[in-house]
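Remarks on the structure that follows.
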Amino acid sequence: MPTAIETRALRKIYPAPPARKRGGARTSTFAPRTAAPPQGVRAEGGGIAALDGLDLSVEDGEFFGLLGPNGAGKTTTIGILTTRVRATSGEAFVAGKNVRTEDVAVRRRIGIVPQIPNPDRSLNAIENLIFHGAYFGIATREAERRAMGLLEQFDIGDKAQSKVEELSGGQQQRLMIARALLHEPQVLFLDEPTVGLDPQARLALWDVLRRLHREGRTIVMTTHYMQEADELCNRLAIVDQGRLLACDSPTKLKALAPGDTRIDLTIDGDADAAAASCRTLDGVTRVDVAAPDILAYAARGGELIPALIRAVEQSGARVQNINLAKPSLESLFVSLTGRKLG
Amino acid sequence: MNDQHPTTAVFFAMLRRDIRVARRELPFFLLRTTLQPLMLMIVFGYLLPKMGMMQAGYTSTLLPGVLALSLALSAVQSVALPMVAQFGFSKEIEDRLLAPVPTRIVALELVVAGTLQGLMAGLFVLPAGRLIMGPIQGLALGNFPEIFLVMVLGAATFSALGLLIGCAISPQQIGLMFSSIIGPMIFFGCMYYPWRALDKIPIMKYAVLVNPLVYVAEGMRATLIPEIPHMDLRVVCGALVFLLALFWHFGQRGFMKRAIT
Ligand SMILES: Nc1ncnc2c1ncn2[C@@H]1O[C@H](COP(=O)(O)OP(=O)(O)O)[C@@H](O)[C@H]1O
Ligand SMILES: [Mg+2]
């Protein structure tokens, strides 16, 4: 299978931000205040190392996820792959083209849905698509035909003539996806596409993305929602502080999570005694007490349930309730970094 | 997908976009760029001469100056203002930056579109000035090719200056740009007086030469009303070409820096 994306030892050092003047409240009226200060890693020489030797490989037709907390370097990675950010060192190829030396060829083959919608506000919805088509050499009539099709497909067909500011956040996001698809790119990039969407719009977007993937498009999406990555992606790269921590299918990654499956047992009786009894069982790796619950970790969780119930009863207590917590990307991330995701 | 569509097609697509937007905003555009020149002409070219506080012949000095001002202001603003906003917060320019053409082409298109807007303002103010101020002594529209050449060079120079300014300043600094760059440029731009009138104040005479507006105003004088003492047209054109090259060089460099981090 041809490789859609390939990066080798990608590094990006941003120059250090200019020292802030003391007491100067110099926040811009326009720029949204960033919620948290940048948490990038200080590089030698005072810069901020946003990416620190990233190797990625995405096959054609994959739905690939970049999962990581804020400041992990996801947007920087997308920026490099889409020719808008120059890597400090390392190499990146998209659709077989070098992003540094063949930037025009790369741009011709990609579509981008940015983190914050950036429609052309001087144009209405369909003009946004038609002019985008013109930038890619698509004749007006053909662009119009494709644009109407895409707008219909994304349920904003009735908004074709609307000004951009008349569209809701979710509708603008879908307009951005339509725009990114208009020139039929080989690879579609989406940077945290569901941030800021209400749950319903998020689910609608998931459907759209699943459909695009089924149609065979290569998709690279960043997110800091584990559930989203888990549900949508074939393969995931977990990144933090510019480094790749793990890269595999969601299922395999979850299997890497420590403690395997967690079985939560609500105990009627002495939880400590019940826990002690459970610890004697084969296959149970750890038992924590959080009275009235005990949390048992086991490699093959489901199969152990009858034995656990018996062990609890032997200790003289009874099981009131049982809950299975599957291994999650969250627990993997916690084990890899010692920090919570997002 | 048309894989080898030429760069020029993309360039013209972007130009078409700008023309469509400009056409839609034409009333605001004219208001923004010509209100000030029109008021200047009403006060200095109509009211004061009527009151006898200005010589009637002053309109011949003023018209080329005001024309230069409106041309220059609208060119510089029509590039710099949207760029500051689009790079600063709305990020609208990204769709064009991601078009499959070398990034410099996007900068070039902005400058060409700005030049066209400057020309449009000039072509609107010229007849409006004639209407407001009445017959202008010595007006020689016969030199149309030369007049047009100066207008194009002037608009292009200021459009490229707009590119330079637009990349260099942040949204918060727009007010500062007007008070610290555009303001002095207007007052020391030989708009209200011909350059040769500065003969008596040699320091000023040479100091104002750093001001690009001087060459546009003098060029307009040289071509529109040749009988007023003016700077040599060849000097004007040479200076404008030099400034255009300078502003473009640093403007596109700044643009590349903003476009690719
Ligand atoms: N233009 C920039 N200048 C300086 N630092 C930046 C810039 N863009 C991102 N960074 C820093 O690089 C790090 C990675 O940022 P980013 O790629 O945006 O992460 P993510 O998208 O995963 O949240 C952060 O520490 C961020 O502050
Ligand atoms: Mg990001």
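Tell me the relative contact order for chain A as a rounded percent, counting alpha carbon contacts under 8 Å between residues six or more apart.
18
Per residue, the accessible area of chain A comes to 47 Å² when a 1.4 Å probe rolls over the protein heavy atoms. If a spin label sat at a point 7 angstrom from the Cα of A:Lys252 along the line to its beta carbon, the backbone N atoms of segment A:58-86 nearer than 18 Å would be those of A:58-67. Measure nothing but the geometry: give the 0 to 90° angle between the long axis through the Cα atoms of B:58-85 and the longest principal axis through the Cα atoms of chain B, rounded to 10°. For B:58-85 against chain B, the angle is about 20 degrees. Only one residue of A:Ile267, A:Ile309, A:Ala298 has its Cα farthest out toward the positive end of the dipole of segment A:258-326, where Lys and Arg carry +1 and Asp and Glu -1 on Cβ, and that residue is A:Ala298.
Taking only protein heavy atoms and a 1.4 Å probe, the accessible area of chain B is 70% carbon and sulfur.
Calculated FRET efficiency, A:Arg145 and A:Arg211, Cβ-Cβ r, R0 22 Å, to nearest 0.05? The calculated FRET efficiency here is 0.65. Between B:Val210 and B:Phe144, residue separation times 0.36 nm minus the direct Cα-Cα distance comes to 21.0 nm. Set against the 2.2 N^0.38 Å expectation for a compact globular protein, chain B has a Cα radius of gyration ratio of 1.04.
Kirkwood Rh over alpha-carbon pairs of the protein assembly as shown, then Stokes-Einstein at 37 °C and 0.692 mPa s: what D in µm² s⁻¹, rounded to an integer?
Working: Rh = 28.2 Å.
Translational D for this selection: 116 µm²/s.
Could you tell me how many degrees, from 0 to 90 and to the nearest 10, lie between the Cα long axis of helix B:7-24 and the main elongation axis, the longest principal axis, of the Cα atoms of chain B? It is inclined by approximately 60 degrees.
Between helix B:233-259 and chain B there is an angle of about 30 degrees, using the helix long axis and the longest principal axis of the Cα atoms.
Distance from the Cα centre of segment A:273-313 to that of segment A:168-226, in angstrom? Centre-to-centre distance over Cα atoms comes out at 42 Å. Computed from protein heavy atoms with a 1.4 Å probe, the total accessible area buried between A and B is close to 3200 Å². Farthest toward the dipole's positive end in chain B, which of B:Met177, B:Thr223, B:Phe124, given Cβ charges of +1 (Lys, Arg) and -1 (Asp, Glu) about the Cα centre? The residue sitting farthest along the positive end of the dipole is B:Met177.
Of the residues in segment A:55-86, those shielded by at least 50 Å² of accessible area once partner protein chains are present, compared with the chain alone at a 1.4 Å probe, are A:Arg84.
Ligands, DNA and RNA left out, the accessible area of segment A:206-332 computed with a 1.4 Å probe is 45% carbon and sulfur.
Using heavy atoms of the protein chains and a probe of 1.4 Å, the accessible area assigned to B:Phe28 is about 140 Å². Do you know which residues of segment B:74-118 lose at least 40 square angstrom of accessible area in the protein assembly compared with their chain on its own, with a 1.4 angstrom probe? The answer is B:Phe89, B:Glu92, B:Glu94, B:Asp95, B:Leu98, B:Pro100. Express in whole angstrom the spacing between the alpha-carbon centres of segment A:136-163 and segment B:64-135. Between the Cα centre of segment A:136-163 and that of segment B:64-135, the gap is 29 Å. Computed over chain B, relative contact order equals 26 percent, with contacts defined as Cα pairs under 8 Å that lie 6+ residues apart. Taking every residue in A:128-135 and counting other chain Cβ atoms within 10 Å of its Cβ, the average works out to 5.
Summary value for segment A:258-326: 47 percent relative contact order, contacts being C-alpha pairs under 8 angstrom separated by 6+ residues.
If R0 equals 56 Å, the separation of the Cβ atoms of B:Leu123 and A:Thr285 corresponds to a calculated FRET efficiency of about 0.10.
Net charge of the neighbourhood of A:Arg279, taken over other residues with C-beta under 12 Å away and scored Lys/Arg +1, Asp/Glu -1, is -2. Protein heavy-atom accessible surface, 1.4 Å probe, per residue over segment B:7-259: 42 Å².
The values are calculated or read from the model by the stated rules, or taken from the named source; none is laboratory data. Small disclaimer: the values here were computed from a predicted structure and weren't measured. Note that each Cβ is placed from the backbone with ideal geometry, even for glycine, and that neighbours are counted across all protein chains shown. For accessibility, only protein heavy atoms count, side chains too; no ligands or nucleic acids. Shrake-Rupley method; radii C 1.70, N 1.55, O 1.52, S 1.80 Å.
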